[in-house]
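S.K.: My questions will all concern the structure given below.
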Amino acid sequence: MRVFNLINVSTCITGIYGRSLLLFVECKLRPFTCPTCLKSYTRKSNLSRHQRIECGQEKKMVCPICEQRFYYRSEVKNHALNKHGIYLNQLDAIERQMQQ
Ligand SMILES: [Zn+2]
Ligand SMILES: [Zn+2]
């Protein structure tokens, strides 16, 4: 939906685009748009987090089991639980014991 995003951005920045209620609502719901990749967010804090951690960055968190990469540790946790049925906290504890 890249085209839609572009329209959305111009709506938010210039405020002169068309009368589509949908666009208007979308603009209101997600008024904070990343100038680099045009993703939009509901909160300014979410946008700054995106710019700080996601946008143009490599994924730094790695699943210790399958080495899939993620931006956030919480994503790895969810992934490990859903895909591997493992609580990452348990895994941490095991790793720490092994290092000692
Ligand atoms: Zn971005
Ligand atoms: Zn994995």
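The values are calculated or read from the model by the stated rules, or taken from the named source; none is laboratory data. Remember, it's a predicted structure, so these values are computed and weren't measured experimentally. FYI the Cβ positions are ideal-geometry reconstructions off the backbone, even for glycines, and counts take in every protein chain you see.
S.K.: Can residue 97 be described as of a type in the set (S, T, N, Q) and within 16 Å of ligand 1 (Cβ to nearest atom)?
M.R.: no
S.K.: Hey, another quick one. Sort out which residues of the stretch 85-98 are assigned to a helix (DSSP H, G or I) and in contact with a Leu (Cβ under 9 Å, 6 or more places away or on another chain), and write them in order of number.
M.R.: If the condition is that a residue be assigned to a helix (DSSP H, G or I) and in contact with a Leu (Cβ under 9 Å, 6 or more places away or on another chain), then 88 is the only one that fits.
S.K.: Scan the stretch 54-100 for residues that are exposed (fewer than 12 other Cβ atoms within 10 Å of the Cβ), farther than 30 Å from residue 35 by Cα and under 22 Å from the mean Cα position of the chain (by Cα) and report the count.
M.R.: Total satisfying the criteria: 3.
S.K.: With the checklist (1) modelled with pLDDT of 95 or more; (2) surrounded by 14 or more Cβ atoms within 10 Å (Cβ to Cβ) in hand, flag the one item residue 45 doesn't pass.
M.R.: Here residue 45 meets the rest and fails (2).
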